[in-house]
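The values are calculated or read from the model by the stated rules, or taken from the named source; none is laboratory data. Quick caveat, the model's predicted, so the values are computed rather than measured. All Cβ positions, glycine included, derive from the backbone under ideal geometry; neighbour counts span all protein chains shown. Each accessible area value is taken on the protein alone, full model and side chains, heavy atoms only, with ligands, DNA and RNA left out. Shrake-Rupley method; radii C 1.70, N 1.55, O 1.52, S 1.80 Å.
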Amino acid sequence: MFSGIVKGVGRILEQEDRGGDRRWVVALGDASVGPLAIGGSIAVSGVCLTVTETRQDRIAVDLSTETLDVTTFGKLAVGSRVNLEAPLKVGDPLDGHLVTGHVDGVGEVVELAPAARSTTVRIRLPEALSRYVAQKGSVAVDGVSLTVNAVRDRMFEVNVIPHTQAVTVIGEYRRGVAVNIEVDIIARYLERLGRSENHSGKAAGVGMELLHRHGYARKD
């Protein structure tokens, strides 16, 4: 489990295809993610991967065909920069929101506009994900926890402050860039509850009665 507070940017040093899968060697740079153990987890641009080798300044990870198919990783190459975050430990502050590292799909940056010292980034979602993104809710973009400022159809907007631009790959975004998207896990569970209550396989909608019954809301 992660919080979406990226700890630095790494760089792909080596890439090797192995029978349909892929192996990366990633330089950690100055990212504060150590110490990492073989068999442990790390979030790479929002994707939870297992560390298979580790040295002082780099790690190796394996990418399955599923990971290559549902994330941006099939398009990345040696030299590409990636966000890095170590998993949460018990007692760590949850400064962003709960991020699993299980990417839901790939979005596209369609517009960037200055907003005082920050930048407003507009992203187009896959149609199947648009219902999970809500104004003032949370979303992980390339592993970065961001607050949704506005939603319209398949588009949503986030405001990225200068610090976040400086310490993540978001500062390198341009129109047309593909980004990993993970929606808020609570939205997923609420949809599942709605389907279970309906017994028809179709979401019946979530009301206060259902939220009270399952402990998501408190009766005053």
Selection within the range 152-172 - over 15 Å from residue 139 (Cβ atoms) and in a loop (DSSP other than H, G, I, E, B): 153, 161
Just give me the residues in the range 109-140 being closer than 21 Å to residue 71 by Cα and either polar (S, T, N, Q) or not in a strand (DSSP E or B) (or both), in sequence order. 125, 126, 127, 128, 129, 130, 131, 132, 133, 138
List the residue pairs whose Cβ atoms are under 8 Å apart, where the first residue sits in the range 141-166 and is over 24 Å from residue 87 (Cα atoms) and at pLDDT 95 or above, the second is open to solvent by 50 Å² or more (accessible area, probe 1.4 Å) and of a type in the set (Gly, Ala, Ser), and the two are 6 or more positions apart or on different chains. 151/134
Considering only the range 93-108, state which residues are closer than 20 Å to residue 160 by Cβ, of a type in the set (Gly, Ala, Ser) and part of a loop (DSSP other than H, G, I, E, B). 96
(1) open to solvent by less than 50 Å² (accessible area, probe 1.4 Å); (2) under 21 Å from residue 167 (Cα atoms); (3) touching a residue at least 60 places away in the same chain (Cβ under 8 Å) all hold for residue 118 apart from (3)
Given (1) over 30 Å from residue 127 (Cβ atoms); (2) of a type in the set (Lys, Arg); (3) touching a strand residue (DSSP E or B) at 6+ places or on another chain (Cβ under 7 Å), identify the lone condition not met by residue 81. (1)
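For every residue, the table says whether it meets (1) surrounded by fewer than 20 Cβ atoms within 10 Å (Cβ to Cβ); (2) touching an Asp or Glu at 6+ places or on another chain (Cβ under 9 Å); (3) on the phi < 0 side of the Ramachandran plot.
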position	(1), (2), (3)
15	yes, no, yes
21	yes, yes, yes
59	no, yes, yes
103	no, yes, yes
Just one of 41, 3, 80 is open to solvent by less than 50 Å² (accessible area, probe 1.4 Å) and in contact with a Pro (Cβ under 6 Å, 6 or more places away or on another chain); which is it? 41
Selection from the range 168-206 of residues out of contact with any Asp or Glu (no Cβ under 8 Å at 6 or more places or on another chain) and at pLDDT 95 or above yields 171, 172, 173, 174
Given (1) under 19 Å from residue 140 (Cα atoms); (2) modelled with pLDDT under 95, where does residue 9 come up short, assuming only one miss? (2)
Can you work out which of the residues in the range 23-38 that are assigned to a loop (DSSP other than H, G, I, E, B) and in contact with a Lys or Arg (Cβ under 9 Å, 6 or more places away or on another chain) is most open to solvent (accessible area, probe 1.4 Å)? 32
Return the residue satisfying two criteria in turn: it lies in the range 41-56 and is modelled with pLDDT of 95 or more and outside any strand (DSSP E or B), and of such residues it is nearest to the chain's Cα centre (by Cα). 46
From the option list 70, 78, 44, 61, single residue qualifying as within 26 Å of residue 129 (Cβ to Cβ) and in contact (Cβ under 8 Å) with a residue 60 or more places away in the chain is 44
